[in-house]
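Enquirer: Can you read through this structure? Questions will come right after.
The values are calculated or read from the model by the stated rules, or taken from the named source; none is laboratory data. Remember, predicted model here, so these are calculated numbers, not experimental data. For neighbour counting, all protein chains shown are included, and Cβ atoms are generated from backbone atoms with ideal geometry for every residue, glycine included.
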Amino acid sequence: MADCNETLRELDTFLDGELADETRAAIQSHLGGCMDCLQAFDFHAELRQVISAKCQNDEMPPGLLSKIEMCFGEDFDGDGRVG
Ligand SMILES: [Zn+2]
């Protein structure tokens, strides 16, 4: 079973679609019962779409990425795994 830390650690890989079936299933089942992680995944998935849409047109404005990273850092500061 995936816990919150494990789930959030695999977030990017999950969104890349590069997880093994077994891990993906564990994470999906965790998301089914954990609103916090579900919201984090939703937020990141949406953010990725925004970023990839922007990147196709323009270069990323300087500072945006670090701003995003800062926000994520605050999000995940609790367990200290990201950053
Ligand atoms: Zn969770």
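Enquirer: Before we move on, is Arg24 farther than 20 Å from Cys71 by Cβ, part of a helix (DSSP H, G or I) and more than 9 Å from the ligand (Cβ to nearest atom)?
Expert: yes
Enquirer: Continuing with this model, one more query. Would you please list the contacts, defined by Cβ atoms under 9 Å and residues six or more apart or on different chains, that run from a residue in the stretch 46-66 that is of a type in the set (Lys, Arg) to a residue that is modelled with pLDDT of 80 or more and not in a helix (DSSP H, G or I)?
Expert: none
Enquirer: Return yes when Asp58 is modelled with pLDDT under 95 and within 11 Å of the ligand (Cβ to nearest atom) and no when it is not.
Expert: no
Enquirer: Return the pairs, sorted by first residue and then second, in which the second residue is surrounded by 13 or more Cβ atoms within 10 Å (Cβ to Cβ), the first residue lies in the stretch 21-36 and is more than 14 Å from Asp3 (Cβ to Cβ), the beta carbons are less than 7 Å apart, and the residues are 6+ apart or on different chains.
Expert: That search, which allows pairs on different chains as well, returns Arg24/Phe14.
Enquirer: Would you mind telling me which numbered condition in (1) assigned to a helix (DSSP H, G or I); (2) modelled with pLDDT of 85 or more Ser66 fails?
Expert: Condition not satisfied by Ser66: (2).
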